[in-house]
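These notes are about the structure you will find just below.
The values are calculated or read from the model by the stated rules, or taken from the named source; none is laboratory data. This is a predicted model, so every value here is computed, not measured. Positions of Cβ are generated from backbone atoms using ideal geometry, with glycine treated the same way; all protein chains shown enter the neighbour counts.
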Amino acid sequence: MLRVENLSKSYGTVVLFDEVGFTINPRERVGLTGRNGHGKTTLFRLIIGEEHPDSGVIAVPKNYSIGHVRQQLSFSEATSIGEACLGLPEEERADRWRAEKILAGLGFGADDMGRAPAGLSGGFQVRLNLAKALLSAPDLLLLDEPTNYLDIASIRWLSRFLNEWMGELMLITHDRSFMDGVTTHTMGIHRRKIRKIQGSTGKLYEQIAKEEEIHEKTR
């Protein structure tokens, strides 16, 4: 379970978050929405410690793991299957079949798995990093636009995979259909605050629209 309290973050005069708070409870899969530039990716970076809040608390339980897709396309193994196995816990890296299953779901053929990661296209290198994140099986998985570079078959596979995810999930994607298909809750960034509801993006947007209408009438 992840708990955020009184979180504030600004860049100069631009305020992204003003004393926001929320909790990601066990087994919740949460879609994060908001306009471009309103702080979705920044929130992920705050959660994993790549950036620091101006104030507030991000409380992570002891031994609670958080996984994300690394942006750096740097690899150390001679083959893609070997690189994917690095996502597994060290004591489980002999279970190559698990990595093969994930890579196949993401569109890798047998020849691709045997290729050097450096020889893959940029899109398949991103898929390889995604595979490593999925194989790491963290308590909380953060996915930022995971369907980029995926074909339709791989997107459908990923949707099924995430619906069977046993931990917590936070997801950013412009594909509302994909988001609504894999999440249990929606969390929106609006007017420097964060609101979380149970249900779809449409339900959240409807609530925000009603509040905006009231706001305009009472200005």
Segment 54-63, residues that are part of a loop (DSSP other than H, G, I, E, B) and closer than 21 Å to Met1 by Cβ: Val60, Pro61, Lys62, Asn63
Selection count, segment 136-181, where residues are on the phi < 0 side of the Ramachandran plot and in a loop (DSSP other than H, G, I, E, B): 15
Single match in Glu5, Glu51 (criterion: not in a strand (DSSP E or B) and not basic (Lys, Arg)): Glu51
Residue within segment 76-95 that is out of contact with any strand residue (DSSP E or B) (no Cβ under 9 Å at 6 or more places or on another chain), under 23 Å from Arg27 (Cα atoms) and basic (Lys, Arg) present: no
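Within segment 8-48, which residues are in a strand (DSSP E or B) and in contact with a helix residue (DSSP H, G or I) (Cβ under 7 Å, 6 or more places away or on another chain)? Walk me through how you get there before you give the answer.
We begin by selecting, within segment 8-48, every residue in a strand (DSSP E or B); these are 8-11, 14-24, 29-33.
Passing the criteria: Lys9, Leu16, Arg29, Gly31, Leu32, Thr33.
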Residues within segment 64-91 that are surrounded by 13 or more Cβ atoms within 10 Å (Cβ to Cβ), without any contact (Cβ under 8 Å) to a residue 60 or more places away in the chain and either of a type outside the set (Asp, Glu) or assigned to a helix (DSSP H, G or I) (or both), tallied: 13
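Go through Arg93, Arg98 for me and flag whichever is of a type outside the set (A, V, I, L, M), out of contact with any His (no Cβ under 6 Å at 6 or more places or on another chain), at pLDDT 95 or above and more than 30 Å from Leu7 (Cβ to Cβ).
Working: Arg93 fails: at pLDDT 95 or above.
Exactly one residue qualifies, and that residue is Arg98.
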Hits in segment 182-206 (condition: part of a helix (DSSP H, G or I) and either outside the structural domain of Ser159 (by TED's automatic domain parsing) or over 24 Å from Lys9 (Cβ atoms) (or both)): Val182, Gly202, Lys203, Glu206
Number of positions in segment 113-126 that are closer than 12 Å to Glu83 by Cα and under 21 Å from the mean Cα position of the chain (by Cα): 1
Within segment 36-50, considering residues that are more than 17 Å from Leu140 (Cβ to Cβ) and in contact (Cβ under 8 Å) with a residue 40 or more places away in the chain, the one surrounded by the fewest Cβ atoms within 10 Å (Cβ to Cβ): His38
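Can you tell which of Met166, Met179 is in contact (Cβ under 8 Å) with a residue 24 or more places away in the chain, under 21 Å from Leu2 (Cα atoms) and either touching a strand residue (DSSP E or B) at 6+ places or on another chain (Cβ under 8 Å) or small (Gly, Ala, Ser) (or both)?
Numbers: Met166 fails: either touching a strand residue (DSSP E or B) at 6+ places or on another chain (Cβ under 8 Å) or small (Gly, Ala, Ser) (or both).
It is Met179.
Would it be correct to say that Ile152 is closer than 19 Å to Gly39 by Cβ, out of contact with any Cys (no Cβ under 6 Å at 6 or more places or on another chain) and of a type in the set (A, V, I, L, M, F, W, C)? Before the answer, list the steps.
Values: closer than 19 Å to Gly39 by Cβ: no; out of contact with any Cys (no Cβ under 6 Å at 6 or more places or on another chain): yes; of a type in the set (A, V, I, L, M, F, W, C): yes.
So Ile152 does not fit the description; no.
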Of residues in segment 101-112 being within 22 Å of the chain's Cα centre (by Cα) and assigned to a helix (DSSP H, G or I), the one nearest to Thr147 (Cα to Cα): Gly105
Close pairs (8 angstrom Cβ cut-off, 6 or more residues apart or separate chains): touching a residue at least 24 places away in the same chain (Cβ under 8 Å) in segment 9-25, in a strand (DSSP E or B) and among the acidic types (Asp, Glu) anywhere: Gly21/Glu5; Ile24/Glu168; Asn25/Glu168
